[in-house]
1. Step through the residues of region A:136-147 one at a time and calculate ³J(HN,Hα) from phi using the Karplus curve (6.51 cos²θ - 1.76 cosθ + 1.60, θ = phi - 60°), rounding each to whole Hz and writing x for Gly and Pro.
2. Taking each residue of B:290-301 in turn, how many C-beta atoms of other protein chains fall within 10 Å of its C-beta, and what is the average?
3. P(r) for region A:279-433: what percent of alpha-carbon pairs falls in each 5 Å bin, starting at zero?
4. How fast does region B:237-297 diffuse by Stokes-Einstein, in µm²/s, taking the Kirkwood radius from C-alpha pairs at 25 °C and 0.890 mPa s?
5. Please list, in order along region B:21-31, the HN-Hα scalar couplings obtained from phi with the Karplus expression 6.51 cos²θ - 1.76 cosθ + 1.60 (θ = phi - 60°), rounded to whole Hz, x for Gly and Pro.
6. When N counts the residues of region A:351-433, how does its alpha-carbon radius of gyration compare numerically with 2.2 N^0.38 Å, as a ratio?
7. What FRET efficiency do you get for residue A:268 and residue B:169 if R0 is 60 Å and r is their Cβ-Cβ distance, rounded to the nearest 0.05?
8. Can you give the FRET efficiency for residue B:22 and residue A:432, using 1/(1 + (r/R0)^6), R0 = 51 Å, r = Cβ-Cβ distance, to the nearest 0.05?
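Rule-based calculations on the coordinates, nothing more; no lab input. Bear in mind the structure is a predicted one, so any value in this text is a computation, not a measurement. Every residue, glycine among them, receives a Cβ derived from its backbone with ideal geometry; neighbour counts consider all protein chains shown.
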Amino acid sequence: MIDKTEIERIKQVIVEKLSSIHTLKRVQKINQLVDEIAGQEERETESLSSEEQVVTPWVVSGKIDHDKVIEKFGCKRIDESLIDRVERLTSRRAHVFLRRGFFYAHRDLDKILDCYESGKKFYLYTGRGPSSESLHLGHLIPFLFTKYLQEAFKVPVVIQITDDEKKIWKKLEKEETKRLGRENVKDIIACGFDASNTFIFSSYATVGGKFYENVVEIADCITVNKANSTFGFTGEVSTAKMIFPSLQAAPSFSSSFPHKLFPDEKKNIPCLIPCAIDQDPYFRLTRDVAPRLDFIKPALIESKFFPALRGNNGKMSASDANSAIYINDSAADIKKKINSAVTGGRDNLEDQKKYGANLKEDIPFQYLSFFLEDDAELEHIKKEYGEGRMTTGDVKKRLVQVVTEIVERHRMARAAVTDEMVDAFMTPRPLFE
Amino acid sequence: MGFSKDHLLARLQELQIDYSKYEHPPVLTVEEQAKYVSSSEGALSKNLFLKDKKNRYYIVSAMTDTKVDMKVLSQRLGLGKGGIRMAPEEALSELLQVSLGCVTPFAVVNESARDVSLLLDQKFKNQALCIFHPLSNDVSVSLNTLGLDKFLQSIGRDSVYIDLEANPVVGRDQPPDLAVYVPSNSVVVPEFPTKTASIQTASKNVSAEKTKPVASAKPSKLAGNVKSAVEDSALLVFKNPEKFVEEILDKTTALLLSEGKGENVTALAETFRKRLTSEFTHLAVMYKNTAYSQGFYAGTQSQPKRP
């Protein structure tokens with residue numbers, strides 16, 4: 001059985017070798033054939049491994065084993081040496097999410113660091129599908145991390161608001177997704193992006209000109225079969241869904257943006273995409289397509305899923321209010337929700353003292369590991385709680401403090417975001433250092 | 001010149017409207033006024049002088065604890081979400097012929113204010129007595145709403161009482177419920193400062209209203225489901241250098257007071273750095289973004305007009 005990464009490599013070699021001789025059409029045909037062979041292989045592999053976990057850009061369910069996901073997708077783990085390198089290059093401590101292994105996988109992050117080290121610029125690209133007005137902590141995570149990357153590396157950020165995607169997938173009215181988009185932008189701005197160096201754009205508003213030229217180039221490289229096998233589409237799917245992946249891919253290439261945006265746009269500028277690991281399929285595809293169009297493959301830095309308060313199964317869900325902490329929650333709500341979280345504490349005090357808590361299952365502890373900045377304090381809690389000297393109640397109390405602080409700070413920043421500010425962020429204009 | 005306070009009081013007497021008069025030093029805010037006129041005398045009012053994008057003006061007079069959401073008000077008047085804002089100082093003197101700190105329902109007695117729409121808080125009706133300035137902020141007058149109505153009728157106005165805290169849905173099938181109170185005529189007040197909507201001077205010299213100073217920032221521009229008090233003070237912090245510095249010093253001194261017991265100075269300094277760096281950076285980013293957005297907006301407004 002040939003695994004997926006091998007197949008990609010084989011394809012690339014063939015394409016490179018033959019592209020000078022054959023026309024683009026034949027190259028596409030070759031790709032198609034290889035895909036079909038790969039498709040057969042893949043189907044065999046799938047039926048053999050009885051995986052419960054499902055990870056696609058639209059569905060995440062089952063008990064997620066993050067290591068298996070890396071294996072399945074073929075990306076690399078971020079190790080200590082890479083984190084150290086980041087710290088060295090940026091002359092500051094790595095972000096909590098990086099230190100604690102929340103952003104744990106990558107593709108070509110080392111190449112980006114090489115680029116940066118040699119003085120070349122790169123830019124950051126992330127996005128949000130505005131399916132709801134109220135955001136929860138899980139939604140904010142990629143933005144908080146991207147903001148740190150912007151600050152640390154002093155590079156521009158582009159953020160795509162996929163109002164079209166949510167219309168297509170969630171069947172919302174386009175006016176509603178546009179409105180939600182603007183509301184979400186306010187929360188995104190509140191995460192602390194620098195107005196002089198950040199461009200936020202709505203899919204609906206931006207497609208056209210150079211952006212569209214690239215969408216067409218990209219879409220032309222993706223066969224229907226490829227799209228189906230990557231995203232699990234069937235013949236019933238609307239063609240809008242088929243176009244969409246190319247729309248999400250286009251911002252990975254700097255030539256998609258208007259002339260003025262990046263200061264030196266004669267050359268292609270490399271792109272780093274912080275995202276949750278379920279977005280990997282989109283960008284895997286994008287990376288395949290890139291060399292065929294003479295673009296630089298976007299690099300990825302990927303996070304785990306933010307565990308729901310209800311436990312390690314799946315993502316936070318908008319339908320279960322207690323599964324997530326929302327930005328608009330009052331201090332009382334936050335306390336209530338955290339208190340109802342699934343924990344790894346034992347059933348009674350004696351057992352707790354004897355065995356300590358099950359840290360792997362314990363949601364409050366996991367949350368603390370993401371949000372508590374102080375390494376020493378976390379270590380202390382890990383030890384005390386894991387060995388039974390601390391109770392779940394204590395851990396929950398500390399978490400309530402930490403989370404309430406974050407949420408209130410966000411709310412205050414959000415309250416200061418004016419419509420003018422949204423307009424400023426969403427207008428194409430030169431981005432400076 | 002407009003009506004003077006004595007003129008007004010004489011008129012009230014002519015109309016046989018009962019009122020009580022309280023003299024005090026000039027006051028600019030409700031809080032100050034409350035020092036001299038206690039609530040046993042009547043319900044204090046906060047008075048906002050507002051203007052919309054089409055140069056139409058409104059006086060909104062409300063109980064001090066009524067929450068006036070400018071965004072909601074703007075929508076209910078059919079002006080969209082950000083359509084209404086505080087009127088500038090010039091308008092105060094030109095149209096209402098009163099000075100800072102004197103906005104009052106009585107101001108509509110002036111001819112110059114004939115196109116100003118007056119909206120009153122319906123909660124006034126439940127009060128025995130309500131307190132307003134009689135065109136001058138060194139006097140307060142308490143009277144019953146019936147008395148106010150009588151006065152307004154005498155100058156050919158209908159009293160309009162509305163539920164200021166209501167938040168009805170405004171949409172295609174639900175027309176804005178207050179649109180009928182939008183004046184039919186707009187007024188051009190000469191000598192305006194540059195009409196940049198987002199230059200909301202956070203300084204307290206914005207057109208006189210009896211609201212607390214913090215609320216003089218523009219709530220209508222704000223988003224989110226946060227309580228107005230947080231919204232107003234948040235905006236100010238990021239627009240006004242003094243408030244910004246005040247916020248920083250507040251946080252620093254709070255930390256000092258809570259951590260500074262018996263710790264040696266070096267360790268304390270380290271704690272400060274650790275705890276405050278990210279917080280202050282956050283504040284600074286918002287400050288920068290606010291300044292950038294204001295500049296950006298000003299830039300878009302200064303396009304040379306097409307011939």
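1. Couplings: 10, 3, x, 5, 6, 3, x, 6, 4, 5, 4, 4 Hz.
2. 5
3. With a bin width of 5 Å, the distribution comes to 2, 8, 13, 14, 14, 13, 11, 10, 7, 5, 3, 1, 0.
4. Values: Rh = 12.8 Å.
This corresponds to a translational diffusion coefficient of 192 µm²/s.
5. 10, 10, 9, 7, x, x, 10, 9, 9, 4, 4
6. Rg over 2.2 N^0.38 Å, computed on Cα atoms: 1.64.
7. Numbers: r = 49 Å, r/R0 = 0.82.
So the FRET efficiency works out to roughly 0.75.
8. Values: r = 58 Å, r/R0 = 1.13.
It comes out at approximately 0.30.
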